[in-house]
Each structure stands twice: as C-alpha cells, then as structure tokens.
Amino acid sequence: MDKKNIIKALIIDDELGACKNLHSLIDNYTKDIEVIGYAQNTVEAEKLMHEHSPDVLFLDIEMPGERGIEFIQRIQPIEAEIIFVTAYNEFALKAFKLNALDYILKPIGIEYLVNCAERLNALVRAKKAVQNKSADPRISSYVNSEHNSHILLRDSNDIVQINFKDIIYLEAKGSYCKFNFKRNSQLSSITSSYNLLHYEEILPTDIFLRIHKSYLMNVRKIRAIRTKENASYCVLDDETLIPISRRRLKSVKDFLKGA
C-alpha cells in the first residue's frame, strides 16, 4: 500500500460481523484503503472521527439510537466522503442529497465495491491536490451550496472541478446527464453517469432551475426568453436556444423576476 495515497476509512455498522465482512472485502479487493476502526453506533463513530480524521465513512443507515442519515445531518458540514452501506434502497435519494459519494446495497457486490473504491481513490487524490494548491478544505464530490461554489465531475481518468458560474446547462441523456460549461472561454461538456434528477436534487436552487424535462438551466446564463413557432426558449449569449416546457414557463418567468 502506497503510504502517501492511503485513504483512511471508518466502518460504522451496529453489526460487528458486517464490519468485519466489509473490512475483509476492502482488504482483498481494493487498494490504498486502510480501515482504521469500527464503530457500532454514532457516539463511537463521532469519537473515532475526532481521533483519526478519516477520509471516508462506510456507514450503515438502520442502527439503534441514531440512524446513519440523521447522524450525517447532525454533524454537517463534514469533510469525509460518505458511502452508505445498507440493506434498504428507499433511502438512496436522501443519501445523495447529503452529498454521499455512493450507496451500496447489502449483500455487497464485489464489482460494485471495486468501482466505488476506484471513484473514491480518484476523488480523494483530486481533493488533496486542490487543497494543496488552494488551501480550500471545502471541495466535495457533491454539493453543499452553503459551503461550496463548485462540483467535481469525472472525465475519463481525471476528476475535473467546475465552478457553478461556468456551468451553462445540464441536459438529460437517458439515464445519464451531460454538463455543458465554459472552460478557459471554450465550450466544453462532460457526461455523468448520474441522471438529471440527481443533480436537480443536489445543485443549489438559487442558481439552477428545471426548465424542461430534459434541461436544468443556470438561470444566470439566460439573456432573454423568446417565443418561436408557439414554443418558448431561453436565449443564451451566443444565441443558443434552450427549450422551456409550457408547464414550466410561468415558473421560469417568476424566478427571473425575483432574481
């Protein structure tokens, strides 16, 4: 294990057997992740977090006393990445709204764990690189708009930091989502493996507005609203037209009036 790239992990699960099983899977199938301890409730977890400053929490949701989601809500903001590991899938949306990196269902699939670990490795390396450069500890894979002004996206083998102000709009591509943004005054795009609803839920609502079933718009990029052939569009600085659905037109106009 490369010491300089070690990711310190804390496993939080009320079942000791589940902690040991996940520890074994991490040791056998991932790299650069070191389990620094187990916690079987959130009181123990908080104590270990203060002592060891883990990079990632592998966190169960259903635990006696305080649930995993309630715990994260209580201790926000949190610098550690969060990976929920649970037998219940109904909490996924809440988990991602809490900026969780991933949501792994029990029984744990090896391939899914490996893919999750690869994302975690890339993200933590990117965070450390940005922190070393800017001394800004607030960077996160997902967005807490009270503390961040940017989002990290994976582009091939790189992790790219994109400022909200540079994002123009997001476009649904089936179960994927395409970010359209400006980088060094050039138009660029990155396709994410998450869908549009995921980003609608986590991006700040004072900047991004759903204008169409296929588009999430940075309202600060709208120069005008134009009607053409009985359809309405957002007009961008380069005269690009982004469609507005009829049922969302009033809410877009109201939003712009109040902006």
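The values are calculated or read from the model by the stated rules, or taken from the named source; none is laboratory data. Computed from a prediction, not measured in an experiment: that's the story for all the values here. Here Cβ is always computed from backbone atoms with ideal geometry, including for glycine, and neighbour counts include all displayed protein chains. Accessible surface areas use protein heavy atoms only, side chains included; no ligands, DNA or RNA. Shrake-Rupley method; radii C 1.70, N 1.55, O 1.52, S 1.80 Å.
Just one of the listed residues (Val35, Val43) is aliphatic (A, V, I, L, M) and assigned to a helix (DSSP H, G or I), namely Val43. Does Leu187 satisfy the criteria of being open to solvent by less than 40 Å² (accessible area, probe 1.4 Å), modelled with pLDDT of 85 or more and over 22 Å from Asp102 (Cβ atoms)? Criteria not met by Leu187.
Could you check how many residues of segment 74-94 are part of a helix (DSSP H, G or I) and at pLDDT below 85? Adding up the residues that qualify gives 3.
Taking segment 225-259 as the range and being crowded, with 19+ Cβ neighbours inside 10 Å and within 21 Å of His150 (Cα to Cα) as the test, no residue passes. All of (1) touching a Ser or Thr at 6+ places or on another chain (Cβ under 7 Å); (2) open to solvent by less than 60 Å² (accessible area, probe 1.4 Å); (3) more than 22 Å from Lys8 (Cβ to Cβ) hold for Ile61 with one exception: (3). When you check Arg154 against the structure, is it among the charged types (D, E, K, R), assigned to a strand (DSSP E or B) and more than 25 Å from Cys116 (Cα to Cα), yes or no? No; evaluated as a whole, the condition is false for this residue. For segment 213-255, filtering for residues that are touching a residue at least 12 places away in the same chain (Cβ under 8 Å) and over 13 Å from Ile168 (Cβ atoms) leaves 17. All of (1) part of a helix (DSSP H, G or I); (2) more than 24 Å from the chain's Cα centre (by Cα); (3) in contact (Cβ under 8 Å) with a residue 40 or more places away in the chain hold for Pro64 with one exception: (1). Screening Ile222, Ile211 for residues that are closer than 15 Å to Gly258 by Cα and open to solvent by less than 40 Å² (accessible area, probe 1.4 Å) leaves exactly one candidate, Ile222.
Residues considered: Ser175, Ser185, Ser192, Ser214. Of these, the only one that is touching a Cys at 6+ places or on another chain (Cβ under 8 Å) and hydroxyl-bearing (Ser, Thr, Tyr) is Ser192. Close Cβ contacts (under 8 Å, 6 or more residues apart or on different chains) running from residues in segment 95-114 that are over 22 Å from Arg74 (Cα atoms) and open to solvent by 30 Å² or more (accessible area, probe 1.4 Å) to residues that are assigned to a helix (DSSP H, G or I) and at pLDDT 85 or above comprise Lys106/Ala18; Ile108/Asn21; Ile108/Leu22; Ile108/Leu25; Ile110/Leu25; Ile110/Tyr29; Val114/Tyr29.
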